[in-house]
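Asker: Could you have a look at this structure, given as structure tokens, before my questions?
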Amino acid sequence: MRTLTKDGVKHLVSRKRLLEKKVLELTDQAHEISTSNQFHESPDYSLVIEEKSRLQGEINEIESLLKNATVIKERQYKTVETGCVVRIRIGQMNYIFQLVDSMETNPVKGKISINSPLGKTMLGKNVNDEALLRTPTGNIGFKILEII
């Protein structure tokens, strides 16, 4: 089962709507091609049908995910867990991350996977806990400053 943030749900709903719109456009294209005089000569029809099928598969996947996912409720966190925002210190620098399911990961927006090495290391920690992230190039120590 997947765990999604409210933003993750909004993104999936938006993506689903976009895909549904594209499917309708492809349906119209397929109809236009099938009613044209050169239908038997057109390779475009099969390409349109394949793309429509691919998009419908993605829509079905999103619907299943939304139906079966657990949505994280906003609340106060006492320990680091999926959905919380964490401020950590590595050396002299502070960083802010939100721990999310792997499908919501977006490092540019500070969203890291609970399955990433840093995410796994932070899970279950409390404010003021110190931890060691083991990497191939050496260990990186960090401290949990705040759980939001």
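Derivation of every value follows stated rules applied to the coordinates shown; laboratory data play no part. The shown structure was predicted, so the numbers you read here are calculated from the model rather than taken from an experiment. We place every Cβ from the backbone using ideal geometry, glycine too, and count neighbours over all the protein chains shown.
Asker: For a test of the definition: using alpha carbon positions, the gyration tensor, and the 1.5 limit on a/c, classify the chain as rounded, prolate or oblate.
Answerer: Working: a/c = 4.22, a/b = 2.80, b/c = 1.51.
Prolate shape, in that a/c is at least 1.5 and a/b is the bigger ratio.
Asker: Given Cα pairs under 8 Å that are at least 6 residues apart, what percent is the relative contact order of the chain? Display every interim value, and only then the final one.
Answerer: Numbers: 214 pairs, mean separation 34.2, N = 148.
Computed over the chain, the figure is 23 percent.
Asker: With a cap of 14 neighbouring Cβ atoms within 10 Å, and only residues DSSP puts in a loop, list the trypsin sites (Lys or Arg not before Pro) found in the range 22-100. Show your work: numbers first, answer last.
Answerer: Details: sites: 22, 52, 54, 67, 73, 75, 78, 87, 89; in loops: 73, 75, 78.
Hits after loop and neighbour filter: 73, 75, 78.
Asker: Please give the contour-minus-distance gain from residue 34 to residue 127: 0.36 nm per residue of separation, less the Cα-Cα distance, rounded to one decimal in nm. Intermediate values should be presented prior to the final figure.
Answerer: Numbers: separation 93, 0.36 × 93 = 33.48 nm, distance 6.36 nm.
Length gained, residue 34 through residue 127: 27.1 nm.
Asker: A further question follows. Report the number of Lys pairs in the range 1-105 whose alpha-carbons are under 24 Å apart, with separation of 8 or more residues or on distinct chains.
Answerer: 18
Asker: Based on Cβ point charges of +1 for Lys and Arg and -1 for Asp and Glu, what charge dipole magnitude is obtained for the chain about its Cα centre, in debye rounded to the nearest 20? Walk me through the numbers on the way to the answer.
Answerer: Values: 22 positive and 19 negative charges, 221 e Å.
Here the size comes out at about 1060 debye.
Asker: Compute the label zone of residue 6 within the range 73-89: residues whose backbone N is under 13 Å from the point 7 Å along Cα-to-Cβ.
Answerer: Only 73-76 fall inside the zone, counting backbone N under 13 Å.
Asker: With point charges of +1 on the Cβ of Lys and Arg and -1 on the Cβ of Asp and Glu, referenced to the Cα centre of the chain, which listed residue (33, 92, 14) lies farthest in the positive direction of the dipole?
Answerer: 92
Asker: Out of all DSSP beta bridges with both ends in the chain, state the antiparallel percent to the nearest 5. Mind dumping the intermediate values first?
Answerer: Details: 17 of 22 bridges.
Of those bridges, close to 75 percent are antiparallel.
Asker: Restricting things to alpha carbons, tell me how big the range 3-71 is in terms of Rg and Dmax, in Å.
Answerer: Over the range 3-71's Cα set, Rg and Dmax evaluate to 15.7, 51 Å.
Asker: Could I ask something else about it? Averaging sequence separations of C-alpha pairs under 8 Å and six or more residues apart, then dividing by the length of the range 85-147, give the relative contact order as a whole percent.
Answerer: On the way: 109 pairs, mean separation 21.4, N = 63.
Relative contact order for the range 85-147 comes out at 34 percent.
Asker: Relative to the longest principal axis of the chain, what angle (0 to 90°, nearest 10) does the C-alpha long axis of helix 44-68 take?
Answerer: It works out to around 40 degrees.
Asker: Within the range 84-106, name every residue whose backbone N is under 20 Å away from a label modeled 7 Å from Cα of residue 66 along the Cβ vector.
Answerer: Of the residues in the range 84-106, 101-105 have backbone N under 20 Å from the label point off residue 66.
Asker: A further question follows. Can you give the angle from 0 to 90° between the axis of helix 6-35 and the longest principal axis of the chain, with both taken from C-alpha atoms, to the nearest 10?
Answerer: Approximately 10 degrees, to the nearest 10.
Asker: Return the calculated 222 nm mean residue ellipticity for the chain, to the nearest 500 deg cm²/dmol, obtained by summing -39500 (n - 2.57) across DSSP H runs with n ≥ 4 and dividing by the residue count. If you can, show how the numbers build up before the last one.
Answerer: Working: 3 runs with 61 residues, N = 148.
So the calculated ellipticity at 222 nm is -14000 deg cm²/dmol.
Asker: Less than 19 Å from a label point 7 Å out along the Cα-to-Cβ axis of residue 54: which backbone N atoms in the range 13-36 qualify, by residue?
Answerer: Output list for this probe position: 15-31.
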